[in-house]
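The values are calculated or read from the model by the stated rules, or taken from the named source; none is laboratory data. Model, not experiment: these values are computed from the prediction. Here the Cβ positions follow ideal geometry from the backbone for every residue, glycine too, while neighbour counts run over all protein chains shown.
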Amino acid sequence: MLMTGAGTDIHVESIKLQREVESHLSIRGSELSFEFQQSEGKVKLDLITISPRHNQSFLFQSVLGIDKLDALRKMLDYVKSYKDKYQSYTVQWIAKGEKELHTSYFRASNMYDALDKLYYGRDINTITVFSIVLNPVA
């Protein structure tokens, strides 16, 4: 059994942190995917949201940690404060072969970051973007 700190089970702690992220985002676990991979001696965590309305997945955020739990803690810190730190963008797009225009919302540091989140994990030619708008600050 993998232990951290004062005898904490890494798997129990991992699930606890994932549930906290879900809770802060008010998104059901079935609509989130925590994807971990080794990257340059660290652990990269990509948090993916799955939209049941569009039947598409998008990158919510990526973080790097020294290990899985560190990456999860950094993601939790991000979800607790992202609305205050990042701008909101509205993207209107259509998937190749479809006729319906979709609208998605992203928090990002700039419009290119928002587009990276939209296109994450897919060929750029599978989605046509019609508009990207920086939303006014409320």
Subset of segment 65-92 that is assigned to a helix (DSSP H, G or I) and within 27 Å of PHE130 (Cβ to Cβ) - its residue that is modelled with the highest pLDDT: TYR82
Residue match in segment 32-42 (condition: in a loop (DSSP other than H, G, I, E, B) and more than 12 Å from the chain's Cα centre (by Cα)): yes
So ARG122, is it among the charged types (D, E, K, R), under 28 Å from LEU17 (Cβ atoms) and not in a helix (DSSP H, G or I): yes
Flag if SER62 is assigned to a strand (DSSP E or B), surrounded by 15 or more Cβ atoms within 10 Å (Cβ to Cβ) and outside the structural domain of GLU20 (by TED's automatic domain parsing): no
Members of segment 101-123 found to be more than 19 Å from VAL63 (Cα to Cα), of a type outside the set (A, V, I, L, M) and out of contact with any helix residue (DSSP H, G or I) (no Cβ under 8 Å at 6 or more places or on another chain), listed by number: HIS102, THR103, TYR105, ARG122, ASP123
So SER131, is it in contact with a strand residue (DSSP E or B) (Cβ under 6 Å, 6 or more places away or on another chain) and surrounded by fewer than 12 Cβ atoms within 10 Å (Cβ to Cβ): yes
Residue in segment 25-32 that is assigned by TED's automatic domain parsing to the domain that holds LEU134 and among the basic types (Lys, Arg) present: no
Some residue of segment 96-108 being in a helix (DSSP H, G or I) and at negative phi: no
